[in-house]
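Note sheet for the following structure.
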Amino acid sequence: MITIEKADTSDYRDIQAVARVAFPATYTEILTEGQLAYMMEWMYSTESLLRQMQEEGHTYYIARDEAGTPVGYVSIRPDGEGVFHLEKIYVLPGRQGEHIGRKLFERAVRAVKEMHPGPCRMELNVNRSNPARGFYERMGMRKLHEGDFPIGEGYYMNDYIMGIDL
């Protein structure tokens, strides 16, 4: 049985534990080793996660198995009037196919609707080479546009921006 709970700053180690496995598994074939290391530090260092939660408005939810072990997470944040950004959604590779990603996505949608009861949109960036695009399309998202976004150290995120109207 999978449970999904809202994370607080004391949960950053659980997010890091999943990220250390799931993020490289997702991007090893897509990104260079240097960019992968840079992005892990940029997004998942203790300082970054705490800043995201305390200063940047990110709300994290953690999926846990019956033993309480973290197996996935999702984060969302407000991104303008009536727009929310699904920042991250990852599930441990060995737990994919168990509908955990769907449950995390649905929890993110519920959270957005709780924050903004009226019509709004949830968007996300997905690397143009990431096969997860098919998952997002099955969840009802559509490609809005694409872009190459500088993230520092000469690296770029080469993404589709996808969205769903809620």
Worksheet entry | region 1-62 and region 104-147: distance between their alpha carbon centers, rounded to Å | 18
Worksheet, complete the sentence: Phi angles of region 147-162, converted by Karplus (6.51 cos²θ - 1.76 cosθ + 1.60, θ = phi - 60°) into ³J(HN,Hα) in whole Hz with x for Gly and Pro, give x, 10, 10, x, 10, x, 6, x, 8, 10, 9, 9, 10, 8, 9, 10
Worksheet item: chymotrypsin sites (Phe, Trp or Tyr not before Pro), restricted to region 83-148: which are DSSP loop and have at most 10 other Cβ atoms within 10 Å?
Response: none
Worksheet item: What is the gain in length, in nm to one decimal, between GLU41 and GLN96 on full extension, counting 0.36 nm per residue of separation less the C-alpha to C-alpha distance?
Response: 17.4 nm
Worksheet, complete the sentence: Taking the chain and counting helices only, DSSP H stretches of n ≥ 4 at -39,500 (n - 2.57) each over all residues, the nearest-500 ellipticity at 222 nm comes to -11000 deg cm²/dmol
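By per-residue mean of other Cβ atoms within 10 Å, what is the highest-first order of 122-128, 152-158, 21-27? All intermediate terms of the calculation are to be shown ahead of the outcome.
Values: 122-128: 19.6, 152-158: 12.7, 21-27: 17.6.
Answer by packing, highest mean first, reads 122-128, 21-27, 152-158.
Read the figures in this text as sums done on the coordinates, not as results from a lab. Everything quoted here is computed from the prediction, not taken from an experiment. For neighbour counting, all protein chains shown are included, and Cβ atoms are generated from backbone atoms with ideal geometry for every residue, glycine included.
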